[in-house]
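First the structure, then my questions, so here it is.
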Amino acid sequence: MKLRTWLPRVILALIIALTAWLVWCGVRAAVAGRQAWADLDRLQAQARTADASSLPAVRADMARLDEHLRATEAAAQPFLRVAPAFRWLPRIGPDVAAAPTLLQMAVQLTGAGRGVLDALAPLTDALSGEGEGELLAQAAVTLQTAAPQLNEARGRLALADSLRSTLPAQLHPKLAAQVARLERLLPLALAGVDVSLAAPGLLGMAGPRTYLILAQNSHELRATGGFISGVGIVRFDHGRIAELKLTDSYAVDNFEQPHPAPPLPLSVQMGADILLLRDSNWSPDFPDSSQVARALYAQDQGLATDGALAVDLDAVRLLVAALEPLQVPGVSEPVTGANAIDWMKRAWQSPTAAEGTVQQVESSDWWDRRKDFMAELVGAAMAKGQSGSDLNLSALAQSLWQMLDERHLQIAVDDPVLAEMLAERGWDGGLRPPKRGDFLAVVDSNVGFNKANAAVQPQIAYAVAPADGGLIATLTLTYTHTAQDGEQVCDRTPRYGDSYDELARRCYWDYLRVYAPGGSELLAAGGLRQSITEDGERGTTIFAGDFVLRPGAQQVVTLRYRLPADLPVAPYQLFVRKQAGTAAIPLAVEALDCQWKSDLREDRAFVCDEERVDK
């Protein structure tokens, strides 16, 4: 047969075979993709109502999703290889070009999820009622054993995050919405893996660990989250809670021991003669403050600790919301996230075991019983968590992540590996200004012997503009006291009123510190009774002063200062640190040609480059 006769037939046969193969690959990819989509639908439905009993089914569905996604990727390889070349297509070009990245992200995320669930199978079985032994101890053992798989999962999550950053900006709205959702969920997943990796060390798997507990009342705001109202210790031994006690912070002082002098503002503002543990959190840098608290506790109580953790009122609320309803002995109404703060107020005013209320403070045992509720709530939460029954794991994980990221829970430890992990995510509450760029931290301290912060709403406005060859910053702080029926003649005498809420309706006595980059120069200050400049922690400069705010009134504080001459402006970068114990304070920033409107629910970082960025 001549070449010109059989060559076209061979070419035609190859084309037919190639077409058939592509069709076969497409069909296989479509079938596997449809199966993966069905798996994903089931997992999303389960995530909305996740509880302990559903974990085995979630694990099985995650395994199927992983297999189906891998099958989809393998079958679709011929199309994925050429997809980037079709970016030019009208409307759908960016989506087609992004298909390989999106599918690889899905494979990495699913593989990470499957790896975590398989590694934690003994724990999930225990949560679903199939395991034996104490839940916390079992969790510690499982997490320690699962460390290699958890590290692998973290690598997969990090790769997925890296792939996400390469996606084109012009995606179809539905795809863009899913990517935006992923941007919110990836930090939660990474945080969950980090917590899982840190937990065995924290829970004493390498030997007993004792931690100081600082319960801070954010209604009486202090630098690390609030006045230290309660103090306790928790000792972990191979995952088991060997000891747990929480008591009134006034009960741990031993006045037979010598105490250091207090920070000067505490002496001037509150008449303090010595530094006691309840006032030890003067520095907003929790690792430093916790060292002071631990030293005082060791001196006064004769017990050394391996670290400290601090919780504020929002941490309590979030934890209760994740565990609700909690049955507290002697309380008829279940405690929930919605009523936890009000319940604590009522329990403080009228303790269950006390003979009197706050109104009989001089003639009853109210003083000795006023903080019994702390131990009662801790006991109820422990009983619910340890049982493992009826736990909403999704809510519990979300709650813990929110506590840590929003600085309602801070953990500082001696163990260098754990300390580094906590510091990298900012979970230790450290004050860490960036090496390059602008820095702002507003730190308020209630020095008025009251709970006025429950009624005071702050706002922050920060503007940076070029002037005289450098940058001038103008900080405007607005404080609004929302109580309308409080005291009008400000009296700072320490005293209890008729109720907890009455303590919030008093004048707000605030000692304000503003942390700026080291070398900043104060040019003008308004709204403060007096202002000073001093060197701050970690190479910062502090502008400080005080003011008094009556109920129903508003106070505006303005600081104008020159930023250091060597501060980079191309691009201009700003890091705003959230004060622990505060909520989502409104934040407005104008810097050079950029503007942002945000809040301080958590730390914020802004970059103003050649392209304007709004957040």
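The values are calculated or read from the model by the stated rules, or taken from the named source; none is laboratory data. Every value quoted in this text rests on a predicted model; they were computed, and no experiment measured them. All Cβ positions, even for glycine, are placed from backbone atoms using ideal geometry, and neighbour counts span all protein chains on display.
Let me confirm something: among Gly192, Gly207, which residue is over 30 Å from Asn450 (Cα atoms) and surrounded by fewer than 17 Cβ atoms within 10 Å (Cβ to Cβ)?
After applying the criteria, what remains is Gly207.
Restricting attention to helices (runs of 4 or more DSSP H) lying wholly within the stretch 274-360, give those where 1 or more residues are surrounded by 21 or more Cβ atoms within 10 Å (Cβ to Cβ), within 21 Å of the chain's Cα centre (by Cα) and touching a residue at least 40 places away in the same chain (Cβ under 8 Å).
Fully inside the stretch 274-360 and qualifying: 286-301, 313-323.
Can you tell me how many residues within the stretch 491-545 are in contact with a Lys or Arg (Cβ under 9 Å, 6 or more places away or on another chain), among the small types (Gly, Ala, Ser) and not in a loop (DSSP other than H, G, I, E, B)?
6
Next question, about the same structure. Quick check on this structure: which one of Leu592, Leu559, Leu528, Leu549 is hydrophobic (A, V, I, L, M, F, W, C), surrounded by 15 or more Cβ atoms within 10 Å (Cβ to Cβ), touching a strand residue (DSSP E or B) at 6+ places or on another chain (Cβ under 6 Å) and modelled with pLDDT under 95?
The conditions single out Leu592.
Further, regarding this structure: Of the residues that make up the stretch 347-354, is at least one more than 30 Å from Asp414 (Cβ to Cβ), of a type outside the set (Lys, Arg) and in contact with a Gly (Cβ under 6 Å, 6 or more places away or on another chain)?
yes
A further question follows. When the stretch 420-444 is examined, which residues are found to be over 21 Å from the mean Cα position of the chain (by Cα) and touching a residue at least 12 places away in the same chain (Cβ under 8 Å)?
Arg436, Gly437, Asp438, listed by residue number.
I would also like to ask the following. Can you find, within the stretch 175-225, the residue that is nearest to Ala375 (Cα to Cα) among those that are acidic (Asp, Glu) and touching a residue at least 24 places away in the same chain (Cβ under 8 Å)?
This residue is Glu220.
A further question follows. Can you list residue pairs whose Cβ atoms sit under 9 Å apart, with the first residue in the stretch 563-576 being at negative phi and of a type in the set (Gly, Ala, Ser) and the second being assigned to a strand (DSSP E or B) and at pLDDT below 95? Count only pairs 6 or more apart in sequence or on different chains.
Ala565/Gly470
Right, something else. Check Val268 against each of (1) in a loop (DSSP other than H, G, I, E, B); (2) surrounded by fewer than 14 Cβ atoms within 10 Å (Cβ to Cβ); (3) β-branched (Val, Ile, Thr) and name the one condition it does not meet.
(1)
Now, a different point. Given the residues Val489, Val456, Val464, Val442, which is the only one that is among the aliphatic types (A, V, I, L, M), touching a His at 6+ places or on another chain (Cβ under 6 Å) and at negative phi?
Val456
Of all residues being surrounded by fewer than 23 Cβ atoms within 10 Å (Cβ to Cβ) and of a type in the set (Gly, Ala, Ser) in the stretch 420-440, which is nearest to Gly225 (Cα to Cα)? Just the residue, please.
Only one residue tops the list, namely Gly430.
Conditions tested, residue by residue: (1) in contact with a strand residue (DSSP E or B) (Cβ under 9 Å, 6 or more places away or on another chain); (2) at positive phi; (3) at pLDDT 85 or above.
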site: Arg370; (1), (2), (3): yes, no, yes
site: Val378; (1), (2), (3): yes, no, yes
site: Asp390; (1), (2), (3): no, yes, no
site: Ala397; (1), (2), (3): no, no, no
site: Glu406; (1), (2), (3): no, no, yes
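Turning to a different aspect of this structure: Restricting attention to the stretch 499-507, does a residue exist that is surrounded by 14 or more Cβ atoms within 10 Å (Cβ to Cβ) and of a type in the set (Lys, Arg)?
Yes, some residue in the stretch 499-507 is surrounded by 14 or more Cβ atoms within 10 Å (Cβ to Cβ) and of a type in the set (Lys, Arg).
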